[in-house]
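Right, one structure below, let's go through it.
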Amino acid sequence: MRSGQSLHKSAVSVVIPCHNHAQFLAQAIESVLAQSYSNFEIIVVDDGSTDHTEEVATCYSSVRYVYQENAGLSSARNAGLQQSRGEFLVFLDADDRLLPHALETGLSCIQQHPECAFVSGYCRVIDSNGAILPSPKQFCIEREHYLKLLRGGSYIWCPATVFYQRQIFDFVHGFNVALSPAADYDLYLRIARDFPVYSHNHIIAEYRQHSFNMSRDVSVMERAALAAHSAQWDFVKGNSSYREAYDAGTQFWQNDYPFQQMVARIREIIREQLPFEATIAVATGGSEELLRLDGRIAWHFPETEQGNRGDLFAQAAEDSVSTPAWIEAGMTYEFSLYGGLEFSKRLARILVRGVPEPLSIKHAESTPQELAREDGVVLTAIPNPVYAGEEPGVTNITWSTGDGSEGQVYVSSGGSYAGRDPANSDEALRLLESTRARGAQYLVMPAKSFWWLDDYKEFRDHVEARYPAIMQDESTCIIFHLRESSQ
């Protein structure tokens with residue numbers, strides 16, 4: 001609500017709970033003040049903060065500031081709900097931000113679907129400084145929203161992407177304070193189980209990942225999510241399709257969710273500690289997600305030894321061919337041109353990086369291009385880096401062997417996983433030294449691969465004696481520097 005306005009029909013209440021997030025709170029408030037839809041009110045609920053939350057909130061005349069003794073996120077959201085007067089509600093965490101069209105999009109969508117208790121959209125992921133991070137593709141759910149939620153891994157990534165009709169809270173009575181930090185997931189389940197909801201594909205919020213996120217405590221989040229999930233059992237047990245989804249959800253929260261959080265933490269560590277141009281071997285166990293390292297060159301370890309060229313992209317003496325739309329943000333793709341007898345000689349090589357936002361192309365470190373050489377060999381990619389936001393991106397590969405002979409262009413985005421673990425320490429060591437000889441600068445051992453260090457004792461002794469560990473976290477990963485000596 002702009003200062004001096006009164007609420008009227010179609011007003012939106014934006015509730016911002018805050019506990020010691022004063023450093024982000026002003027950005028959250030200003031993201032609401034910047035909305036294209038102007039009929040809103042802002043309620044900041046200070047959940048017993050010991051920082052300068054009150055000072056930040058009270059700087060804005062249009063903000064209603066509410067203080068309570070520390071009682072948790074769910075209690076703060078419920079307090080904001082009780083104080084609110086709008087016909088619609090949005091719950092914006094103090095460390096997140098709305099995009100300028102968020103309220104207008106939510107209102108328009110719910111007016112088109114007035115039967116729905118809430119509508120939800122997409123978010124993008126940002127770091128503590130507000131820079132956009134690569135993230136997995138988000139999916140627009142067209143039907144059976146309850147089943148999708150029951151399967152775990154809520155399709156709703158960020159609470160601020162949900163636009164509620166106020167009247168739904170007459171039935172569901174707010175957030176369950178016993179289930180923080182998964183009370184939002186519990187609320188989605190309780191609503192979608194009994195009422196229609198709708199999902200659209202507009203990006204309307206920014207979800208911030210930083211060192212103080214509640215979701216970083218994986219064990220606490222896992223227990224809360226499983227409790228919210230288990231609360232659905234009495235409803236689902238008599239329906240076979242619900243039971244199947246319920247079992248899949250249990251599997252997700254017990255196994256997949258901890259893995260996803262480990263991957264997110266590994267990316268954060270690598271973003272902070274390893275150079276952008278680093279080449280990294282990762283003990284992936286076959287997981288492609290562990291290769292998505294914000295544009296750094298990442299290889300499976302171990303990878304297949306039957307040639308490391310990747311997949312054949314095109315074949316001709318010279319040509320210009322657009323890639324399909326498969327370049328993803330956070331990934332690096334190696335294009336190599338081969339020629340000569342039986343295409344045995346690599347003539348040129350370029351790296352193509354996918355980036356998550358158009359602006360990052362302008363600021364990204366330039367990627368070297370193989371321009372025309374004296375021998376006439378050409379290999380270029382335009383554009384490079386490649387914008388790959390919500391959808392994968394495309395680039396155009398141009399090449400020439402320089403002498404009119406046939407050439408082959410291969411593309412690789414991490415090599416091919418070997419499909420098995422080493423048979424013993426000797427094989428593990430041989431594979432490591434082969435990977436190092438190809439140019440790997442770092443070895444990342446994710447927590448899920450720590451068993452290597454127990455089962456391959458000679459491998460462990462060799463690596464620890466020869467290469468320094470620049471990062472060691474028993475819940476996340478160990479990173480060895482393969483270009484420096486422990487001596």
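If you scan segment 372-407, which residues turn out to be open to solvent by 50 Å² or more (accessible area, probe 1.4 Å), part of a strand (DSSP E or B) and of a type in the set (A, V, I, L, M, F, W, C)?
I382
Return the only residue of E244, E289 being in contact with a helix residue (DSSP H, G or I) (Cβ under 6 Å, 6 or more places away or on another chain), open to solvent by 30 Å² or more (accessible area, probe 1.4 Å) and among the acidic types (D, E).
Numbers: E244 fails: in contact with a helix residue (DSSP H, G or I) (Cβ under 6 Å, 6 or more places away or on another chain).
None of the other options fit; the residue is E289.
As an exercise: evaluate A160 against (1) modelled with pLDDT of 95 or more; (2) assigned to a loop (DSSP other than H, G, I, E, B); (3) crowded, with 22+ Cβ neighbours inside 10 Å and give the number of the one condition it does not meet.
(2)
Just to confirm my filter: which helices (runs of 4 or more DSSP H) fall fully inside segment 191-290 and include at least 3 residues that are within 27 Å of R97 (Cβ to Cβ) and at pLDDT 90 or above?
Values: elements: 218-230, 233-236, 240-251, 257-273.
Where helices (runs of 4 or more DSSP H) fall fully within segment 191-290 and carry at least 3 residues being within 27 Å of R97 (Cβ to Cβ) and at pLDDT 90 or above, they are 218-230, 257-273.
Taking L453, is it surrounded by 14 or more Cβ atoms within 10 Å (Cβ to Cβ) and either charged (D, E, K, R) or touching a helix residue (DSSP H, G or I) at 6+ places or on another chain (Cβ under 8 Å) (or both)?
Details: surrounded by 14 or more Cβ atoms within 10 Å (Cβ to Cβ): yes; either charged (D, E, K, R) or touching a helix residue (DSSP H, G or I) at 6+ places or on another chain (Cβ under 8 Å) (or both): yes.
So L453 fits the description; yes.
Check off (1) free of Cβ contacts under 8 Å to residues at least 60 places away in the same chain; (2) over 23 Å from T161 (Cβ atoms) for A26 and give me the number that stays unchecked.
Tallying (1) free of Cβ contacts under 8 Å to residues at least 60 places away in the same chain; (2) over 23 Å from T161 (Cβ atoms), A26 fails exactly one: (2).
Among what's in segment 295-318 and is buried (at least 21 other Cβ atoms within 10 Å of the Cβ) and not in a strand (DSSP E or B), pick the residue that is modelled with the lowest pLDDT.
Start the filter on segment 295-318 by keeping residues that are buried (at least 21 other Cβ atoms within 10 Å of the Cβ), which leaves 295-303.
If we keep only those that are not in a strand (DSSP E or B) too, we end up with 295-296, 301-302.
On the way: G295: 76, R296: 85, F301: 92, P302: 90.
The selected residue is G295.
Output the number of the condition that F259 fails; it satisfies all remaining conditions of (1) surrounded by fewer than 20 Cβ atoms within 10 Å (Cβ to Cβ); (2) over 23 Å from S416 (Cβ atoms); (3) hydrophobic (A, V, I, L, M, F, W, C).
Here F259 clears every test but (2).
Looking at G4, is it more than 28 Å from the chain's Cα centre (by Cα), at pLDDT below 95, at positive phi and not acidic (D, E)?
Details: more than 28 Å from the chain's Cα centre (by Cα): yes; at pLDDT below 95: yes; at positive phi: yes; not acidic (D, E): yes.
In short, yes.
For every residue, the table says whether it meets (1) among the aliphatic types (A, V, I, L, M); (2) modelled with pLDDT of 95 or more; (3) open to solvent by less than 20 Å² (accessible area, probe 1.4 Å).
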site	(1), (2), (3)
V14	yes, yes, yes
P17	no, yes, yes
S31	no, yes, yes
Q35	no, yes, yes
E54	no, yes, no
R64	no, yes, no
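Of I156, I203, which residue is within 30 Å of R85 (Cβ to Cβ), among the aliphatic types (A, V, I, L, M), touching a residue at least 60 places away in the same chain (Cβ under 8 Å) and in contact with a strand residue (DSSP E or B) (Cβ under 7 Å, 6 or more places away or on another chain)?
Residue meeting the stated conditions: I203.
The values are calculated or read from the model by the stated rules, or taken from the named source; none is laboratory data. A quick note: this is a predicted structure, and the numbers were derived from the prediction, not measured. Cβ atoms come from the backbone with ideal geometry, glycine included; neighbour counts cover every protein chain shown. Surface areas here come from the heavy atoms of the whole protein model, side chains and all, with no ligands, DNA or RNA. Shrake-Rupley method; radii C 1.70, N 1.55, O 1.52, S 1.80 Å.
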